[in-house]
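Colleague: This is the structure, below, for whatever I ask next.
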Amino acid sequence: MPGSKKKDLYIAKSIGKLNEMAELPAKFKNTNAKLLVKTADKMLKEAEHSEMMEDEERAYVLFMKYFNVVTFLKRSADYKKQKAYYDDLLGAKNLLTSISKAEELSSSLKKRYDELEAKNVASKLASLDTIEQKTESKDEKKAEDSADKSDKKLEPTEKQPEEAAKTSPGVVTCNQLFDLFEDRDAQLILMDVRSMEDFQETRINHKNIINVPAEAIKPGTTVTYIEKALPMDSLSLWKQRGNIDHIILLDWNSGIDQVKIGSSLQTLKDALFKYDSTVIIKSEPLILDGGYEQWMLQYPTKCVNPVFDKLKKPVVSSTQDSLMDFDYPDFDETFMEPKQAGTSSNDSSASSSSLNSVNSLTNGDVTSQFPKIDRSTKPKIDRSTKVNVAKTGISSNKPVTGSLYPDVGAVSKSGSSLYSKTTEAGSHIINSSFKNAEYRADSASSQDIKNSSSLNLAAQSTEISDELTALNLQRKQKMEELQKLQENYEKMEAESRARMERMKNEEKKLSDLEELKRKQQSDVADLMRLKKNLHSEMAEEKQRVQYQQIEKEQEETHRKKELEQLSRAEEEKRKRREEVDRLRMDRKKKEEERLESERRIKDEQDLKNARERAQEEEEQRRKDFVAAEERIKQMKAEDQRKAREKIELEERLQRERELAAKLEKDRLAALEEKRRQQAELDRLETERREKLRQDKERTEKERLEREKRERDEEDRKKAAEAKRIADEKIRLMNEAKTKPKPVPSPNLQKGWEKQLDPSTNRYFYINHNEGTTQWDPPGEGKGGTYTTRLKDEPSTPKSGGLKRSNSSPNIAQMMEDEAKLPQRKLTPSVDRGNKPVKRPMPVALPAKRRDLNPVYGNVGPALTGLRNLGNTCYMNSTIQCLNNTSPLVTYLLTDMFLYDINRGGKSGNLWEVTDDFAYLVKSLWSGQYRFITPRDFKSVVGKHQPMFAGYEQQDSQEFLTFLLDSLHEGLNKVKTRPKIADQDNDKLPDHIGAEIAWNNHKLHNESIIVELFQGQLKSTIMCLTCRKKSVTFQAFMFLSLPIPSSGKCTLQDCLRQFAAEEKMTGSSRWKCPQCKCYRDSVKNIVIWKLPHILLIALNRFVYEGQWRTKINAHVDFPVKGLDMSSFVMGPRPKPYKLYAVSNHFGTLDGGHYTACCRNPTTQKWYKFDDHEVYDTSESSVKTSAAYVLYYTSIDLLPPEFKPNFS
């Protein structure tokens, strides 16, 4: 349970050590501010977790590390540039909180360290005060329990390592490790720091063991460098160390006494447990006590190829010392005991007992061959005599005088008399044992003599005398060995005496400090520390004296073994080198023989071929010669003419050769002429093609100009028609406003109607029965009727000097004029040919109180800024771009959208977005505000899309998508959407399939958003197995183009990357309708038809692995004359020109949106930066911050409207 008890101190022994652990490495050069912020945040969380788990040491180190990382961050250049941003990421109070918690932990740890040190020193002083009592009690206890210990000594010997392991933190014994192997729930990793050769030769047989070579563990290194030097087969388990319960470290003979600063085990342990900020392991790594040698001795079956010849300590001694810690008397020493005067009478009995012992062996009495020993009389032999000389002095009977060091004389005396006492003790044991054996032999001999009286006593006596002689020789040898050992220890005693004198001086200084302690209680901690250091030096000096001789012997043995191994290795290496040289020579010889054989075979084959060719030529010459002879015989020429014929033949041959040379020359000349003619033909063909190309280009240019004129004419006609329709709508609306409004009245007679005159604001009455009008209600006037316009009254003033008001008719004059006219019945005349077509009346805006909080100022149309409400620059940028789209603005400013708005339809309440956006556009185009606050509009948007309800930074492209979709749903003319069957385009031409798909799309979607912003894409997917193709057509609102390069590229490069084929494999495979299963396929998306307003979004925010980043590449896009014909498969588009750009400056975590727009009224470029609006140049529009591009293929004319200042 966290918080129940503070965790014991285990990391360090003082605050200074903890501060050293909290310091950043000297080579720490990380300048990535974001990574430093994440690291600091992780450290703070771990520190708080450690504090909650009552681990004060680890919490203090992590809090101080957090403080050091934040201090290092504040010195970086990125922090100085964006101080407020990084302060916000770090948190305003985290640093102060960590400092205060570190101070609290520091005070608590100081008290705990002082208490722990005081306890340790007090325990050591108490041990020195009671050393005499312990010595006396041990001697008495040894004398009393010697018999019990001889029978039960094996059991405590086996339990001793386990008890030591429990009292030594950070160590695991071989028995405990074996129990962990048997525990299926325990997860552990063994890290063997031996060399790779030793690890490959022999190791612990476990699946979770890896080799971390000592060469990769340098003092002060970290887990990053260790991981780079690990073998490939160890990386997988190394990376799982954070999920493991226990990590066990071992080498050949690892132990807690060998884990020192700078050693491989300590460096690896610190790197894993203290300095690894990336992976937090569950518990402190443990050291295997005894290392691999001890494990191989105890569990050889759990080893891979156990090799006992590499052990540094003997197998027998290592196992017997731990398992057989008891003594047997040496029976051979009985014969080495010198004879005394008082024992002459017992010689015969001794001989008799020896003889009887032999007789008992002869008769098969096995039980009587060993003497029975009374172990209660056995003195305790100190086995540490050979290794612990100083201890004897301390354990003497001399009383302790308060000094920390034993008396040098006592040590000398005990050292010199040690071996004599040991010899006397051994002799005493042998004498007593031998006497007991004689007694038992005498008792047994009385029976043996009766049973074996026929034995040859003389022969037995001879054998016994021989055995006695051999035993005397052994005794002399052992005495000589004891003498040599005594001489060595006398030398060591002299050296120890000198060191003891030096320590006495230190003791004197310590006594002075003790005197000072009684005067000044404040220095007690320093006195304790000094005592502890001096005591540890004394213990180390004692241990050095004890192990000096053993280490020397082990070193000599080790060096001899190394020399033998080196000589064997050199001999093996020499043999291998001789074998390699021999094999190399054999291979070289065989290679030479093979080459010689191949060369010989080749020469023979060449010679054979030459002979065959020579024979063929000889045969041909012979045939020619025979033919010549035949010809000569046929000509019946004399012998004299043969020579002349031969001369003629040679002349003919010469002429033939000359003719052949001439023909060859003519042929070459003809080829040269032909080549020249071909080059001329090629030149003419090239000129012809160039001319045709120029003619084609000129024709194409004329066609394009003609088409352009036709399109311009068509656009002008459409614009004129649209203007006429708009004027007609405005006229109808004005007429509807000025037309008298009928007022229902249930008190009027049948056929009468009451209406309000807007010019006079008075009511008049119409009699539809007679087609007459009057001011008075029916039955209240003077009975006269008239059929004249209300304003057709005389303007001449009456008498009396008062002017007649034109706001009301002169009823008296009207009655006089009417009396002069002939009396006839008047009927109304109605021209039904001018009756307007019935259409739905516009739905007015609902009453709603809006507060723009404006700042007044006389600015031009559409030059009003928008106040930033807190990270709402993405919304302001999008609104300003759409506010300069004049066809959409005209539609909203003239209230034409009221004829199409859907209030209460299936689109929900998205009409609220349309109403508020229209109100916002009208305010922006009024020209009377410097800037306004779009708070009401943002509230409505957040109501329908919670993502935009808060004040976090959002994506302007996502907001543009939501706003256009909301306007489309609020203005969609389709009230009831019919069901449309699935379209199969496999057997249809593309233009027919595209037209059908577009018409089906219009059956569900018909609004000004579709007319202006939506185009059509063609998607083709092909199965790579059966080559089956599937073609679909779909509408799009904007093009989202990838950026192919992180440097500089063009908009055409982005379009080519968008149109590139995409291979669909793995989880994105396509289910082929012909194969009836999922197949690898190729998908291609191309543009079929473009809209009038083309929106292009550049994909600057992409994912790289698990992180989202921004591409700041500069994309070169044209401001005028964007030709999309090479990227469109359907109807040829018109050239596009840029009229607005939404820019994003900054990074992914923090940035700012602005807009650059071309005003439809002034045709100048302006920059909109929230509430600030100022003009800019066309060249400054093209920047690397461009995010969403707004293009148009139609002329954006200024909207014609009357601003409403209500």
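The values are calculated or read from the model by the stated rules, or taken from the named source; none is laboratory data. Fair warning: this is a prediction, and the values are worked out from it, not measured in the lab. Here the Cβ positions follow ideal geometry from the backbone for every residue, glycine too, while neighbour counts run over all protein chains shown. Remember, those area values only see protein heavy atoms, side chains included, never the ligands or the DNA or RNA. Shrake-Rupley method; radii C 1.70, N 1.55, O 1.52, S 1.80 Å.
Colleague: Just checking, which of Val1119, Val1082, Val1102 is within 21 Å of Leu960 (Cβ to Cβ) and not in a loop (DSSP other than H, G, I, E, B)?
Modeller: Sole residue among the options that is within 21 Å of Leu960 (Cβ to Cβ) and not in a loop (DSSP other than H, G, I, E, B): Val1102.
Colleague: Sort out which residues of segment 1122-1170 are among the β-branched types (Val, Ile, Thr) and part of a loop (DSSP other than H, G, I, E, B), and write them in order of number.
Modeller: If the condition is that a residue be among the β-branched types (Val, Ile, Thr) and part of a loop (DSSP other than H, G, I, E, B), then Thr1147, Thr1161, Thr1162 are the ones that fit.
Colleague: Now for a different question. Look at segment 860-883 and say how many of its residues are within 20 Å of Gly1150 (Cβ to Cβ) and either aliphatic (A, V, I, L, M) or free of Cβ contacts under 8 Å to residues at least 24 places away in the same chain (or both).
Modeller: 2
Colleague: Could you grab me the full set of residues in segment 1105-1116 that are in a strand (DSSP E or B) and out of contact with any strand residue (DSSP E or B) (no Cβ under 9 Å at 6 or more places or on another chain)?
Modeller: Trp1107
Colleague: Can you name the number of the only condition in (1) touching a Phe, Trp or Tyr at 6+ places or on another chain (Cβ under 9 Å); (2) open to solvent by 50 Å² or more (accessible area, probe 1.4 Å) that Ser1179 fails?
Modeller: Here Ser1179 clears every test but (1).
Colleague: Moving to a separate point now. Taking segment 968-1000 on its own, how many of its residues are in contact with a Phe, Trp or Tyr (Cβ under 7 Å, 6 or more places away or on another chain) and either open to solvent by 60 Å² or more (accessible area, probe 1.4 Å) or over 30 Å from Lys1028 (Cβ atoms) (or both)?
Modeller: Qualifying residue count, segment 968-1000: 2.
Colleague: Kindly indicate which of Leu44, Leu35, Leu24 is outside any loop (DSSP other than H, G, I, E, B), touching a residue at least 12 places away in the same chain (Cβ under 8 Å) and either open to solvent by less than 30 Å² (accessible area, probe 1.4 Å) or more than 18 Å from Glu284 (Cα to Cα) (or both).
Modeller: Just one listed residue meets the conditions, Leu44.
Colleague: Ok, one more. Is it the case that segment 461-476 has a residue that's small (Gly, Ala, Ser) and modelled with pLDDT under 50?
Modeller: No: zero hits.
Colleague: Inspect all residues belonging to segment 2-14 and state whether any of them is in a helix (DSSP H, G or I) and either over 12 Å from Ala102 (Cα atoms) or among the β-branched types (Val, Ile, Thr) (or both).
Modeller: There is no residue in segment 2-14 that is in a helix (DSSP H, G or I) and either over 12 Å from Ala102 (Cα atoms) or among the β-branched types (Val, Ile, Thr) (or both).
Colleague: With the structure loaded, tell me whether Ile1043 is hydrophobic (A, V, I, L, M, F, W, C) and assigned to a loop (DSSP other than H, G, I, E, B) or whether it fails that test.
Modeller: Criteria met by Ile1043.
Colleague: Looking at Asn205, Asn243 in this structure, which one is farther than 16 Å from Pro285 by Cβ and open to solvent by 80 Å² or more (accessible area, probe 1.4 Å)?
Modeller: From the options Asn205, Asn243, the qualifying one is Asn205.
Colleague: State whether one or more residues within segment 500-520 are over 30 Å from Glu115 (Cβ atoms), open to solvent by less than 90 Å² (accessible area, probe 1.4 Å), at pLDDT below 65 and not in a helix (DSSP H, G or I).
Modeller: There is no residue in segment 500-520 that is over 30 Å from Glu115 (Cβ atoms), open to solvent by less than 90 Å² (accessible area, probe 1.4 Å), at pLDDT below 65 and not in a helix (DSSP H, G or I).
Colleague: Yes or no: Val626 open to solvent by less than 100 Å² (accessible area, probe 1.4 Å), among the β-branched types (Val, Ile, Thr) and over 30 Å from Arg644 (Cα atoms)?
Modeller: no
Colleague: Right, another one. Looking at the structure I just gave you, is Leu1148 open to solvent by 50 Å² or more (accessible area, probe 1.4 Å), closer than 30 Å to Met1064 by Cβ and touching a Phe, Trp or Tyr at 6+ places or on another chain (Cβ under 8 Å)?
Modeller: Yes.
Colleague: Which numbered condition in (1) under 27 Å from Ala1186 (Cα atoms); (2) at pLDDT 90 or above is the only one that Glu1006 fails?
Modeller: (1)
Colleague: For the list (1) surrounded by 20 or more Cβ atoms within 10 Å (Cβ to Cβ); (2) touching a Lys or Arg at 6+ places or on another chain (Cβ under 9 Å); (3) at pLDDT 95 or above, I need the number of the one condition that Pro1133 fails.
Modeller: Tallying (1) surrounded by 20 or more Cβ atoms within 10 Å (Cβ to Cβ); (2) touching a Lys or Arg at 6+ places or on another chain (Cβ under 9 Å); (3) at pLDDT 95 or above, Pro1133 fails exactly one: (3).
Colleague: A further question follows. Does Arg930 meet the test of being open to solvent by 10 Å² or more (accessible area, probe 1.4 Å), modelled with pLDDT under 95 and within 18 Å of Asp1170 (Cα to Cα)?
Modeller: Against the criterion (open to solvent by 10 Å² or more (accessible area, probe 1.4 Å), modelled with pLDDT under 95 and within 18 Å of Asp1170 (Cα to Cα)), Arg930 qualifies.
Colleague: While we're on this one: Looking only at segment 1001-1032, count every residue that is in a loop (DSSP other than H, G, I, E, B) and either of a type outside the set (D, E, K, R) or open to solvent by 60 Å² or more (accessible area, probe 1.4 Å) (or both) and tell me the total.
Modeller: Residues that pass the stated criteria total 8.
Colleague: Okay, moving on. For segment 553-590, which residues satisfy the criterion of being farther than 30 Å from Asn488 by Cα, open to solvent by 80 Å² or more (accessible area, probe 1.4 Å) and over 53 Å from the mean Cα position of the chain (by Cα)?
Modeller: Residues satisfying the conditions are Glu578, Arg582, Met585, Arg587, Lys588, Lys589, Lys590.
Colleague: Considering Thr878, Thr890, Thr864, which residue is farther than 21 Å from Val1141 by Cβ and at pLDDT 90 or above?
Modeller: Of Thr878, Thr890, Thr864, the one residue that is farther than 21 Å from Val1141 by Cβ and at pLDDT 90 or above is Thr890.
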